[in-house]
Each structure stands twice: as C-alpha cells, then as structure tokens.
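> Below are the structure tokens for one structure; questions will follow.
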Amino acid sequence: MQIEKTIAMVSVAAFAALPAQGQSTFQNLSFEQANPVPIVPSEYYPYAVTPSSALPGWTGSINGVPVTQVMLNTSAVGQASIDLFGPGYKYVNPGVIDGNYTVFLQAFSTSEGNVSLWQNGTIPANAASLQFSAYQLQTANEAFSVSFAGNSLSPVALSSRQSPSGQLYTVYGVNIAPYAGDTGQLEFTAVAGNGESGIELDDIAFSPNAVPEPRTLALLVMGGVALAARRWRGNRKQFGGGTH
C-alpha cells in the first residue's frame with residue numbers, strides 16, 4: 001500500500017495538469033456546460049438530445065457527417081453514435097469519469113466510419129501539453145487518435161485511475177508545445193474496425209507541464225518504486241519488523 005501511495009504521489013507531482021495562463025478560445029473541455037434538450041420527434045425520445053445542447057462548443061461526426069442527435073445516458077445498439085453520460089446514468093465502464101458529464105464516442109464497422117468530436121480554437125501561448133482522461137472500450141479494436149490542425153499527436157499514458165463510482169480511466173498527455181499560440185481544429189476520433197470500439201473522454205486541459213518521453217516516464221515510476229521500497233525497509237528496521 002505504501003508503495004502504491006508513493007507512486008501516486010510521484011505521478012501527481014510530475015504530471016498533474018495545471019491551469020494554463022492566458023485565454024483560450026476552446027470551451028467546454030470537461031463537458032460540464034451540457035444542458036441536454038430532448039428531440040421530441042426522434043424515435044429515440046427522450047434519450048436523443050440536440051448536439052448543441054449536449055456538447056456546447058463541439059461538433060460531432062460519424063464518417064465525416066455531422067451528427068443530428070446525441071444519445072443521453074444510453075448507447076445506440078449495434079451502430080455508431082456519440083453518447084453523453086450524466087446525472088441518472090447508473091452504469092460503470094463505460095460510465096461517468098468525473099464531474100457531471102462524460103462523452104463516449106462509439107464506433108463499429110469500417111463501413112459506418114470513424115466517430116469524431118472536434119472544435120476550433122487557439123492553443124494557449126504557454127501550453128506545453130494537452131492532457132485528458134479517457135477510457136477505451138474493452139474490445140479487440142481499441143484504436144483512437146488525437147490531432148490538432150491536421151497534425152497527428154501521440155498520446156502518452158501518464159497514470160491509471162478509478163473514479164469514486166468505480167469507473168476506470170487513464171490520464172493521457174500529448175506534446176502540444178510546437179503549436180502553442182496557433183489556431184486550428186482539435187479533434188478526438190474513435191477509429192472504426194471489425195467490431196464495437198470506442199473511447200470515453202473527460203477533463204481535457206492545456207498545461208504548462210511538458211509530457212515526458214515514455215522512457216523518462218518509466219524511469220520516474222521505477223524511481224518511485226525504489227524510493228518506496230527503501231522507506232519500507234527503513235520502517236521495518238525502525239519498528240523491529242522481521243521474518244517470523
């Protein structure tokens with residue numbers, strides 16, 4: 001337990017997203033501005049809501065075509081969709097990651113195409129990384145992508161966590177420093193494959209903290225384990241611990 005706590009403290013100290021200085025035109029990055037309005041004529045009423053009310057500031061698409069509805073507290077069965085999980089949603093994995101709302105991009109076959117969510121904005125001038133929480137649906141096909149202004153970004157897993165409700169998720173970071181101050185389209189995509197796949201998104205934030213290279217991250221975690229082990233051995237000597 002002590003080792004796990006030490007690793008967690010090292011991870012938080014090194015990688016926690018901090019509020020970026022300056023203003024960004026990006027909005028609703030944690031999806032908390034949702035105020036879902038049901039689409040009364042929809043065959044999925046009351047679960048189908050307008051995209052503008054569910055995802056202010058964002059545009060969603062399936063196979064490049066903007067969606068005309070977002071599913072609230074449910075997922076479309078056997079087809080691609082964009083879903084919003086919020087108050088009243090009782091399931092976990094996928095479930096709500098943080099706050100009141102979490103978005104789920106659900107893809108299926110390649111014939112239906114990728115499922116994407118994007119918006120245009122300006123990267124803060126002091127931003128070194130873009131960090132976000134995500135959960136990938138546990139299927140054979142779990143691919144997702146992140147891009148800015150048409151440039152593919154490479155997510156690095158920073159830590160694995162679990163929400164109070166039991167939702168598992170991973171905190172990712174991408175190097176955004178080359179685009180600091182630039183204006184363009186930030187896009188998240190669930191890549192379609194040969195079966196159900198998808199990604200939950202939450203807590204997207206710009207940070208002045210740089211994302212470490214995978215090798216640096218591994219060395220830092222190993223260092224945390226070594227430090228915890230040293231402290232554990234010291235505690236055993238101090239309190240007379242031994243083998244019985």
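The values are calculated or read from the model by the stated rules, or taken from the named source; none is laboratory data. Just so we're clear, the structure is a prediction, and the values are computed from it rather than from any experiment. Neighbour counts run over all protein chains shown; Cβ positions are idealised from the backbone, glycine included.
> Going through THR189, THR183 one at a time, which residue ends up being modelled with pLDDT of 95 or more, of a type outside the set (Asp, Glu) and loosely packed, with under 15 Cβ neighbours inside 10 Å?
THR183
> Another question, if that's okay. Scan segment 31-62 for residues that are in a strand (DSSP E or B) and either outside the structural domain of ILE97 (by TED's automatic domain parsing) or over 12 Å from TYR101 (Cβ atoms) (or both) and jot them down.
Scanning segment 31-62 gives PRO38, ALA48, THR59, GLY60, SER61, ILE62.
> Still on this model: Examine segment 148-167 for a residue that is closer than 16 Å to SER116 by Cβ, hydrophobic (A, V, I, L, M, F, W, C) and either in a loop (DSSP other than H, G, I, E, B) or in contact (Cβ under 8 Å) with a residue 24 or more places away in the chain (or both), and state whether such a residue exists.
There is at least one residue in segment 148-167 that is closer than 16 Å to SER116 by Cβ, hydrophobic (A, V, I, L, M, F, W, C) and either in a loop (DSSP other than H, G, I, E, B) or in contact (Cβ under 8 Å) with a residue 24 or more places away in the chain (or both).
> Do we have any residue at all in segment 87-108 that's basic (Lys, Arg), under 18 Å from the mean Cα position of the chain (by Cα) and surrounded by fewer than 18 Cβ atoms within 10 Å (Cβ to Cβ)? Give the steps one after another, and end with the answer.
To start, the set of residues in segment 87-108 that are basic (Lys, Arg) comprises 90.
With under 18 Å from the mean Cα position of the chain (by Cα) added as a condition, the list becomes none.
No: zero hits.
Per-residue answers, yes or no, for (1) closer than 25 Å to ALA190 by Cβ; (2) touching a Pro at 6+ places or on another chain (Cβ under 8 Å); (3) at pLDDT below 85:
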residue	(1), (2), (3)
MET9	no, no, yes
ALA16	no, no, yes
GLY22	no, yes, yes
VAL40	no, no, no
TYR44	yes, no, no
LEU55	yes, no, no
VAL65	yes, no, no
VAL70	yes, yes, no
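For every residue, the table says whether it meets (1) within 14 Å of THR189 (Cα to Cα); (2) among the acidic types (Asp, Glu); (3) touching a residue at least 24 places away in the same chain (Cβ under 8 Å).
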site	(1), (2), (3)
THR74	no, no, yes
PRO87	no, no, no
TYR101	no, no, yes
ALA107	yes, no, yes
PRO124	no, no, yes
PHE132	yes, no, yes
VAL146	yes, no, yes
